[in-house]
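Presented below is the structure to which this report refers.
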Amino acid sequence: MKKIFFPFLMFSIASAYCQQQSFRVEVSGVGQPVILIPGYSYSGDIWKETVDNLKAHYQLHVITIAGFAGVPAIDTPILKTVKSDLLKYVTDNHLNKPVLIGHSLGAFMCLWMASEEPSLFSKILCVDGVPFISAMMNPSITADQVKKNPAYNVGATNFKNIHQKEFADNQLKSLRTLLSDTTQTRLISQWTAAGDRKTLGFTFAEMASTDLRKAIATINIPVLILISSIGAREQSKKTLDQQYALLPDKRIIFPAGKHLGKYNNSLWFREQLKNFLVNGLAD
């Protein structure tokens, strides 16, 4: 009887949370709510190890954005809709001061949500994410300049026209420069290949043309930023200090490794995460 009832109960608990078309959510665990948002094109399954490590003490709400990894797509604007729907998800489901955790695009989404409604959340962990990705190479560029750049608009609309094999090969080559684990490389490339091409194009353009560097000044909760160096370490530190200059309560840590540090050094990431959840920014 228990073998029949328990899975049904878990399904009922997960289904009890109000869902949104702009993202899929999977809920597990018991305790303080934690919302986990994956990076560009990824499934929420990228957080599986994190969920397994935390579910005994935390309630995990794992997000997969519409149009990513086989989840049905929505119309544009995509990220703006996801942001609004996630805020509504928190209030509709009466989540009490959830922690936000995001990787890359997911980190950007966490900052966007908290900059609009900082009182809804308790802490933010940003992994390899920044408030304005376009300024990483050109700190003086503005969001308006990005929006007027034909390369972003044409790239977004024509992304779906790339041949499937060429697209898959390019993604695999790119991931191999970021990730040491070949099994995870293949898995992530499969998620990307299963994504809706229009969504992949427009979400990148939408993030690239949204500047949160001033907006994050309203975030009055602790923010831990784990971010890999891009090029020389001192230059990376200078660039990241500029990106996060207006964020009041923060700590920036540079791990050894590549962009996907949570996979390339999972033990280190797990220790940083658990310490942050318990102690905030204190050592």
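May I ask you to verify whether residue 228 is at pLDDT below 95 and assigned to a loop (DSSP other than H, G, I, E, B)? Reasoning before the result, please.
Numbers: at pLDDT below 95: yes; assigned to a loop (DSSP other than H, G, I, E, B): yes.
Yes; evaluated as a whole, the condition is true for this residue.
Summed over segment 69-89, residues that are within 20 Å of residue 208 (Cβ to Cβ), open to solvent by 60 Å² or more (accessible area, probe 1.4 Å) and not acidic (Asp, Glu) total 2. Among residues of segment 108-148 being without any contact (Cβ under 8 Å) to a residue 24 or more places away in the chain and among the hydrophobic types (A, V, I, L, M, F, W, C), the one that is surrounded by the fewest Cβ atoms within 10 Å (Cβ to Cβ) is 137. Scanning segment 23-43 for residues being over 14 Å from residue 54 (Cβ atoms), open to solvent by 10 Å² or more (accessible area, probe 1.4 Å) and more than 10 Å from the chain's Cα centre (by Cα) gives a total of 2. Taking segment 210-239 as the range and being open to solvent by less than 20 Å² (accessible area, probe 1.4 Å) and in contact with a Ser or Thr (Cβ under 9 Å, 6 or more places away or on another chain) as the test, the residues that pass are 212, 216, 219, 221, 227, 228, 236. A single entry from 203, 185 fulfils the requirement of being buried (at least 17 other Cβ atoms within 10 Å of the Cβ), under 26 Å from residue 148 (Cα atoms) and at pLDDT below 95: 203.
The values are calculated or read from the model by the stated rules, or taken from the named source; none is laboratory data. What you see is a predicted model, and the numbers here were worked out from it, not measured in a lab. No Cβ is skipped: glycine too gets one built from the backbone with ideal geometry, and neighbour counts run over all protein chains shown. What goes into the accessible areas is simple: the full protein's heavy atoms, side chains included, and nothing from ligands, DNA or RNA. Shrake-Rupley method; radii C 1.70, N 1.55, O 1.52, S 1.80 Å.
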